[in-house]
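Remarks on the structure that follows.
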Amino acid sequence: QVQLVESGGGLVQAGGSLRLSCAASGRTFGSSAMGWFRQAPGKEREFVAAISRSRAITHYADSVKGRFTIARDNAKNTVYLQMNSLKPEDTAVYYCATGPQYGTSRYQTAYDYWGQGTQVTVSS
């Protein structure tokens, strides 16, 4: 069993920044890719970013490329999402999840354990 706990969400003005954290326990953190997804009100959950277990590979959704950065600290069992230049359309509940052993994926079906989510609200 794996437990994932997100933190760092909140209310921020457009153009501002937030850093999300996801702390993992219950399984060797370094054995899986990690991903961030988000779900806005009335919309499907969508891919945001992913990082391979070795940190060598990262992928981003086109909508966040150049503004968001995913990183991980395997010694701390934590994955981060640095979000800069936030826009109102970034408002959503953000989830972290454990992914494949090799490479990364933008598909939710490749992720097995999910956190409860943290709310990010960007005001205009």
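The values are calculated or read from the model by the stated rules, or taken from the named source; none is laboratory data. A quick note: this is a predicted structure, and the numbers were derived from the prediction, not measured. For neighbour counting, all protein chains shown are included, and Cβ atoms are generated from backbone atoms with ideal geometry for every residue, glycine included. When the accessible area is computed, the model is the full protein with side chains, heavy atoms only, and any ligands, DNA or RNA have been set aside. Shrake-Rupley method; radii C 1.70, N 1.55, O 1.52, S 1.80 Å.
Points worth noting:
- Count - residues of the stretch 25-52 that are under 9 Å from the mean Cα position of the chain (by Cα) and either on the phi > 0 side of the Ramachandran plot or of a type in the set (A, V, I, L, M, F, W, C) (or both): 7
- Looking across the stretch 76-104, just one residue is at pLDDT below 95, farther than 18 Å from Ser25 by Cα and polar (S, T, N, Q), and that is Thr104.
- Condition met for Thr78 (β-branched (Val, Ile, Thr), under 19 Å from Gln3 (Cα atoms) and out of contact with any Lys or Arg (no Cβ under 6 Å at 6 or more places or on another chain)): yes
- The test for being of a type outside the set (Asp, Glu), without any contact (Cβ under 8 Å) to a residue 60 or more places away in the chain and touching a Leu at 6+ places or on another chain (Cβ under 8 Å) does not hold for Arg72.
- The residue of the stretch 94-109 that is surrounded by the fewest Cβ atoms within 10 Å (Cβ to Cβ), among those that are touching a residue at least 60 places away in the same chain (Cβ under 8 Å) and more than 17 Å from Ala71 (Cα to Cα), is Tyr107.
- Candidate set from the stretch 1-33 (those that are of a type in the set (A, V, I, L, M, F, W, C) and out of contact with any Leu (no Cβ under 9 Å at 6 or more places or on another chain)); member that is modelled with the lowest pLDDT: Phe29
- The residues of the stretch 85-110 that are in a loop (DSSP other than H, G, I, E, B) and over 14 Å from the mean Cα position of the chain (by Cα), listed by number, are Ser85, Leu86, Lys87, Pro100, Gln101, Tyr102, Gly103.
- Contacts under 8 angstrom Cβ, first residue in the stretch 10-28 being touching a residue at least 40 places away in the same chain (Cβ under 8 Å), partner in a loop (DSSP other than H, G, I, E, B) and basic (Lys, Arg), 6 or more apart: Ala14/Lys87; Ala23/Lys76
- Matching residues, the stretch 3-27, being in a loop (DSSP other than H, G, I, E, B) and open to solvent by 30 Å² or more (accessible area, probe 1.4 Å): Gly8, Gly9, Ala14, Gly15, Ser17, Gly26, Arg27
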